[in-house]
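Colleague: Following this message is one structure expressed as structure tokens.
The values are calculated or read from the model by the stated rules, or taken from the named source; none is laboratory data. Owing to the predicted nature of the structure, the values given are computational and were not obtained by experimental measurement. Glycine gets a Cβ as well: all are built from the backbone with ideal geometry, and neighbour counts include every protein chain shown. Each accessible area value is taken on the protein alone, full model and side chains, heavy atoms only, with ligands, DNA and RNA left out. Shrake-Rupley method; radii C 1.70, N 1.55, O 1.52, S 1.80 Å.
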Amino acid sequence: MKEWQKLLFNAIFNIAAALIVGGFLKLMLDFKSIIASVVVVIMGIYLMLFITFLAMKIEREQNGR
């Protein structure tokens with residue numbers, strides 16, 4: 001994997017982690033907006049899984065050549 005790809009994936013992965021933590025923090029501080037907090041956490045998890053699988057696919061393609 002090229003260096004710019006690693007940096008990009010790392011940045012997006014950090015954004016996903018921030019979404020997950022932010023969703024839990026919003027849930028703890030503002031209990032009235034449970035649905036919004038859960039949606040933010042789910043979007044963070046989805047983004048993290050998407051980036052992980054995309055990075056695995058790119059790594060497989062480069063190792064297969």
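Colleague: Being without any contact (Cβ under 8 Å) to a residue 12 or more places away in the chain and assigned to a helix (DSSP H, G or I) is true for just one of Phe31, Phe9, Phe50. Which residue is that? Spell out how you get there, then give the answer.
Modeller: Details: Phe31 fails: assigned to a helix (DSSP H, G or I); Phe9 fails: without any contact (Cβ under 8 Å) to a residue 12 or more places away in the chain.
It is Phe50.
Colleague: Among the residues of segment 10-22, count how many are closer than 30 Å to Asn63 by Cα, open to solvent by less than 60 Å² (accessible area, probe 1.4 Å) and more than 9 Å from the chain's Cα centre (by Cα). Quick ask: steps written out before the conclusion?
Modeller: So the first thing to find is which residues in segment 10-22 are closer than 30 Å to Asn63 by Cα, and the list is 10-17.
With open to solvent by less than 60 Å² (accessible area, probe 1.4 Å) added as a condition, the list becomes 11-12, 16-17.
Still in the running and more than 9 Å from the chain's Cα centre (by Cα): 11.
Selection size over segment 10-22: 1.
Colleague: Another question about this same structure. Does Leu25 qualify as being surrounded by fewer than 15 Cβ atoms within 10 Å (Cβ to Cβ) and over 20 Å from Lys2 (Cβ atoms)?
Modeller: Values: surrounded by fewer than 15 Cβ atoms within 10 Å (Cβ to Cβ): yes; over 20 Å from Lys2 (Cβ atoms): yes.
Answer is yes for this residue.
Colleague: Further question on the same structure: Restricting to segment 28-59, name every residue that is of a type in the set (D, E, K, R) and either open to solvent by 100 Å² or more (accessible area, probe 1.4 Å) or on the phi > 0 side of the Ramachandran plot (or both). Don't jump to the end; show me each part of the working.
Modeller: Narrowing segment 28-59 to residues of a type in the set (D, E, K, R): 30, 32, 57, 59.
Hits for segment 28-59 are Lys32, Lys57.
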